[in-house]
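These notes concern the structure reproduced below.
The values are calculated or read from the model by the stated rules, or taken from the named source; none is laboratory data. Keep in mind that this is a model prediction, so the values were computed, not measured. Neighbour counts are summed over all protein chains in view; Cβ atoms, including those assigned to glycine, are modelled from backbone coordinates with ideal geometry. Protein only, heavy atoms only, side chains kept; ligands, DNA and RNA dropped before computing areas. Shrake-Rupley method; radii C 1.70, N 1.55, O 1.52, S 1.80 Å.
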Amino acid sequence: MDEQKVKEIVDYMVERGTESTHYGNWKFGLEDDLVQFSEMPAEWLLEHKDEIYDELLGREEVAEVDEDEENGVHLFSIYFYTGFCPNLSDDE
């Protein structure tokens, strides 16, 4: 179940991120965004954050992933290849 749940979470992150970004990147908070989507406790997500990270890096849409912490929330900052982002802004 863990592997399937990780894949489900990563699918959501990639789909939401590529569809929502106007600049090619999107941030997800582990303890808020992903708890709400996955309905998994924050502790479970923290235990599986390395698997989520690795799965993200394996996706063809993902160029780079940074991890950070802001106000006690673990963040994934995902940078997508722009060819997968249909709503890019013309503002540079």
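Annotation for the stretch 1-84: chymotrypsin sites (Phe, Trp or Tyr not before Pro) lying in DSSP loop with at most 15 further Cβ atoms inside 10 Å of their Cβ are Tyr23, Tyr81. Modelled label positions at Leu88 and Tyr12, each set 7 Å beyond Cα in the direction of Cβ, lie 2.8 nm from each other. Loop-located GluC sites (Glu not before Pro) in the stretch 1-63 (DSSP state other than H, G, I, E, B) with a sparse environment of at most 13 neighbouring Cβ atoms within 10 Å: Glu39, Glu60. The value of relative contact order for the chain, using C-alpha pairs under 8 Å at least six residues apart, is 36 percent. With all protein chains present, how much of the accessible area of the chain (probe radius 1.4 Å) comes from carbon and sulfur, to the nearest whole percent? About 41 percent, which is the carbon plus sulfur part of the accessible surface. Placing +1 on the Cβ of every Lys and Arg and -1 on the Cβ of every Asp and Glu, with no other charges, gives the chain a dipole of roughly 220 debye about its Cα centre. Helix 2-20 and the longest principal axis of the C-alpha atoms of the chain enclose an angle of approximately 30°. For the chain, the per residue solvent-accessible surface stands at 61 Å², with DNA, RNA and ligands left out and a 1.4 Å probe. The aspartates and glutamates within cross-link reach of Lys49, meaning a Cα-to-Cα straight distance under 13 Å and a gap of 8 or more places when in the same chain, are Asp2, Glu3, Glu31, Asp66, Glu67, Asp68, Glu69.
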